[in-house]
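The values are calculated or read from the model by the stated rules, or taken from the named source; none is laboratory data. Fair warning: this is a prediction, and the values are worked out from it, not measured in the lab. Every residue, glycine as well, gets a Cβ built from its backbone with ideal geometry; the counts of neighbours run over all protein chains shown.
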Amino acid sequence: MTMALTPSAAVHAIRGNLATRRRNVTLGLAAALALTFALALYLGDFPVAPLDVLRSLLSPLTGEVNKGVDFIVLNVRVPRAVLAVLTGMSFALSGIIFQTLLRNPLASPDIIGISHGASASAVFGIIVLGLSGLWVSVGAFAGAVLTALAIYGLAWRNGVTAYRVVLIGIGMAAIMGAVMSYLFTRARLFEVQQALAWLIGSLNAANTGDIYPLAMALVVLIPLTIALLRTLDAMQLGDDTATALGARVEFSRLGLILAAVGYAAFATAAVGPVSFVAFVAGPIARRLLNGAGNGFLQAGLVGALVMLGSDMVAQHALPSIQLPVGVVTGVFGALFLLWLLMASNRAGRVN
Amino acid sequence: MSAEHQFIAAGMDLGYGDRQVVSDFNLTIPPGKLTVIVGANACGKSTVLRGMARLLAPTRGAVYLDGKPIHTMPTREVATILGVLPQSPIAPDAIVVADLVGRGRYPHQGWFRRWTPEDDAAVAEALRATDTLELADRPVDELSGGQRQRVWIAMALAQQTDLLLLDEPTTFLDINHQVEVLDLLTDLVRNNGRTIVVVLHDLNLACRYADHIVAMKAGRLVAEGKPSEVMTEAIVAEIFGMASRIVIDPISDTPMIVPIGRHHVGAKVLA
């Protein structure tokens, strides 16, 4: 710190530096995402030249039609990439909200049972009720919301503590796992295969119709999140400090939990419980920012990037086989989890 | 800078679940003074502070701020008058000092009023008062316990409230840092006319720094007033169940409690 500055100017300069770092990280992530998105439109089994991709994208405006290429770009690649971006962002926001509220990096929806609830419900729908398509998604959504309510209800004891939510959530994940195992033992092979494909989470069958429910949900959820973020800045200091600062803690916590469950439920309904995107996005964003912000916008970008990048690997890594995206995020997330545990061990902290 | 505020607990019962911790507590906080609450472990002194800070709703009675029941006032309005530093605030990972202290500006901001030069000035003043200006760009994780405590006090100061409640702000600090923190609180009372209420563990420092001392036992107020009038051997025996001798603190001329245990007691005392 330069001593020539007045104290006020020094504070202003420090805040300015933080804002600059925040902006640089955001711009960097946005640029990486734009690049990956462009690559996702370009890469594929059917070769399309970059200029033709551009021409297809602009065809609704220019009226220049090339049916085959337009179908590949506008009806296959664009919906798939857009869905990857939206679901990645949703998983990430759900994860970082839970992680911040519960002050624990393990507290993401794919670890505290919300994804498991969605999965068990979807598997029940596929195997017992014989559902398919959109109805599986509806079932998954209902499962996520009901599981979240059950966790919140069971964790409630004159208020909700992070510790109880995480423990009860992990217990709930185990119960839902048991429910799924039971359903699998009762099912026929074809149904198991169908259910498993859904469980791993995939963008392979992405189409424009999958995008609308999620996009409409985001139109509601994102403003709600932004409205409550300022309170979260105070809540990060602990409930007592936040109340002392004049924040409406219980009200904001309920709103944020609803938003987080909404993100997880709609994204899971759209692409299945793609693992670990919710878990890794927040910590990666915060590490990049290194104290220069709460990292919500950046986590959303990281989530979109992880999802889109993983899907590209899933599509193109092995010749002639398209892997489900969940396989790639699973490997990536598992490595990240190991690294997180090792890093926190070295620092001598539990979380 | 300070306006005088009337701050009163009237017939307050406090508890957690079915367990009642504080009973029929009445206290008028003297404005422009440093009030210290003392008592044995688990006597309810922190609970009283939480009740007065509207962090815990009384099961009976009320706390009045300028005549209005504090638990029904808009919490943000309270936050512009009353600042609170709870016992164990949490610093987010990797946050830097200036950012943490800036969180104290929360009640002064809103949807349409974001960060302003006035906020910069308030943070700078809080850092200066707590002698933490040179730490402003450091991550809070890297600070020593004493530095961290001063930064948290700076956060509460940045809130720029006339009333300030602190729950054991000297716990875990070395004696030199304890004295530093209490000197700082005294500055704030004497130079800025703030009203401060603090819960302390150390009886002798409490007697030295308190303008007004409040002694508690088992959830009830036992005595209050100037330390020199309140702190008698009988009161110490009552609140701590321990024999003691009161001498005059050679530095501050305030009461100093010298405990009498079973061992190391000189012949003169036994006689």
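Residue under question is residue B:53, and the condition is that it be out of contact with any strand residue (DSSP E or B) (no Cβ under 7 Å at 6 or more places or on another chain), within 23 Å of residue B:153 (Cα to Cα) and of a type in the set (Gly, Ala, Ser); does it hold? No; evaluated as a whole, the condition is false for this residue. All told, residue A:268 falls short of being over 18 Å from residue A:165 (Cβ atoms), assigned to a helix (DSSP H, G or I) and at pLDDT 90 or above.
Residue B:4 meets the conditions (1) more than 14 Å from chain A (Cβ to nearest Cβ); (2) buried (at least 22 other Cβ atoms within 10 Å of the Cβ) in every case but one. The failed one is (2).
Evaluate the following for residue A:308: is it surrounded by fewer than 24 Cβ atoms within 10 Å (Cβ to Cβ) and either outside any helix (DSSP H, G or I) or among the aliphatic types (A, V, I, L, M) (or both)? Please lay out each step first, then the result.
Numbers: surrounded by fewer than 24 Cβ atoms within 10 Å (Cβ to Cβ): no; either outside any helix (DSSP H, G or I) or among the aliphatic types (A, V, I, L, M) (or both): yes.
So residue A:308 fails the test.
With respect to residue B:61, is the statement that it is over 27 Å from residue B:181 (Cβ atoms), part of a strand (DSSP E or B) and not aliphatic (A, V, I, L, M) true? Against the criterion (over 27 Å from residue B:181 (Cβ atoms), part of a strand (DSSP E or B) and not aliphatic (A, V, I, L, M)), residue B:61 qualifies.
The sole residue among B:187, B:249, B:202, B:167 that is of a type in the set (Asp, Glu), touching a residue at least 12 places away in the same chain (Cβ under 8 Å) and farther than 30 Å from residue B:56 by Cβ is B:249.
Being assigned to a loop (DSSP other than H, G, I, E, B) and either over 21 Å from residue A:272 (Cα atoms) or of a type in the set (Gly, Ala, Ser) (or both): is that true of residue A:105 here?
On the way: assigned to a loop (DSSP other than H, G, I, E, B): yes; either over 21 Å from residue A:272 (Cα atoms) or of a type in the set (Gly, Ala, Ser) (or both): yes.
Criteria met by residue A:105.
The single residue among B:180, B:142, B:224 that is of a type in the set (D, E, K, R) and either free of Cβ contacts under 8 Å to residues at least 24 places away in the same chain or within 14 Å of chain A (Cβ to nearest Cβ) (or both) turns out to be B:142. Residue A:44 passes every criterion in (1) part of a helix (DSSP H, G or I); (2) modelled with pLDDT under 95 apart from (1). No other residue among B:170, B:161 is within 12 Å of chain A (Cβ to nearest Cβ), on the phi < 0 side of the Ramachandran plot and outside any helix (DSSP H, G or I) apart from B:161. Summed over segment B:207-247, the residues that are of a type in the set (D, E, K, R) and buried (at least 20 other Cβ atoms within 10 Å of the Cβ) give a count of 1. Scanning segment A:151-166 for residues that are more than 19 Å from the chain's Cα centre (by Cα) and under 19 Å from residue A:273 (Cα atoms) yields one hit, A:151. Answer with yes or no whether residue A:293 is in contact (Cβ under 8 Å) with a residue 60 or more places away in the chain and away from every other protein chain (no Cβ under 14 Å). When the stated conditions are applied, residue A:293 does not pass them.
Among the residues of segment B:238-249, is any part of a loop (DSSP other than H, G, I, E, B) and farther than 29 Å from residue B:24 by Cα? Spell out the reasoning first.
To start, the set of residues in segment B:238-249 that are part of a loop (DSSP other than H, G, I, E, B) comprises B:241-243, B:249.
Within this subset, residues satisfying the condition of being farther than 29 Å from residue B:24 by Cα are B:249.
Checked against the condition, which is being part of a loop (DSSP other than H, G, I, E, B) and farther than 29 Å from residue B:24 by Cα, segment B:238-249 yields at least one hit.
Against the conditions (1) out of contact with any Leu (no Cβ under 8 Å at 6 or more places or on another chain); (2) more than 14 Å from every other protein chain (Cβ to nearest Cβ), residue A:19 satisfies every one except (2). When you scan segment A:147-161, do you find a residue that is surrounded by 14 or more Cβ atoms within 10 Å (Cβ to Cβ) and in a strand (DSSP E or B), even just one? Within segment A:147-161, one or more residues are surrounded by 14 or more Cβ atoms within 10 Å (Cβ to Cβ) and in a strand (DSSP E or B). When segment B:118-132 is limited to residues that are surrounded by fewer than 23 Cβ atoms within 10 Å (Cβ to Cβ) and either facing chain A (nearest Cβ under 7 Å) or touching a Phe, Trp or Tyr at 6+ places or on another chain (Cβ under 6 Å) (or both), the one that is nearest to residue B:77 (Cα to Cα) turns out to be B:121.
Would you point out the residue of segment B:83-107, among those that are more than 7 Å from chain A (Cβ to nearest Cβ), surrounded by 20 or more Cβ atoms within 10 Å (Cβ to Cβ) and of a type outside the set (Gly, Ala, Ser), that is farthest from residue B:55 (Cα to Cα)? Within segment B:83-107, the match that is farthest from residue B:55 (Cα to Cα) is B:97. Of all the numbered requirements in (1) farther than 26 Å from residue A:18 by Cβ; (2) within 14 Å of another protein chain (Cβ to nearest Cβ), residue A:276 misses one, and that requirement is (2). For segment B:65-82: of the residues being touching a Phe, Trp or Tyr at 6+ places or on another chain (Cβ under 8 Å) and in a helix (DSSP H, G or I), which is nearest to residue B:27 (Cα to Cα)? Ranking the candidates gives B:70 first. Of all residues in segment A:222-261, those that are facing chain B (nearest Cβ under 9 Å), of a type in the set (D, E, K, R) and in a helix (DSSP H, G or I) total 4.
When A:232, A:245, A:224 are checked against the criterion of being surrounded by 16 or more Cβ atoms within 10 Å (Cβ to Cβ) and in contact (Cβ under 8 Å) with a residue 24 or more places away in the chain, A:232 stands alone in meeting it.
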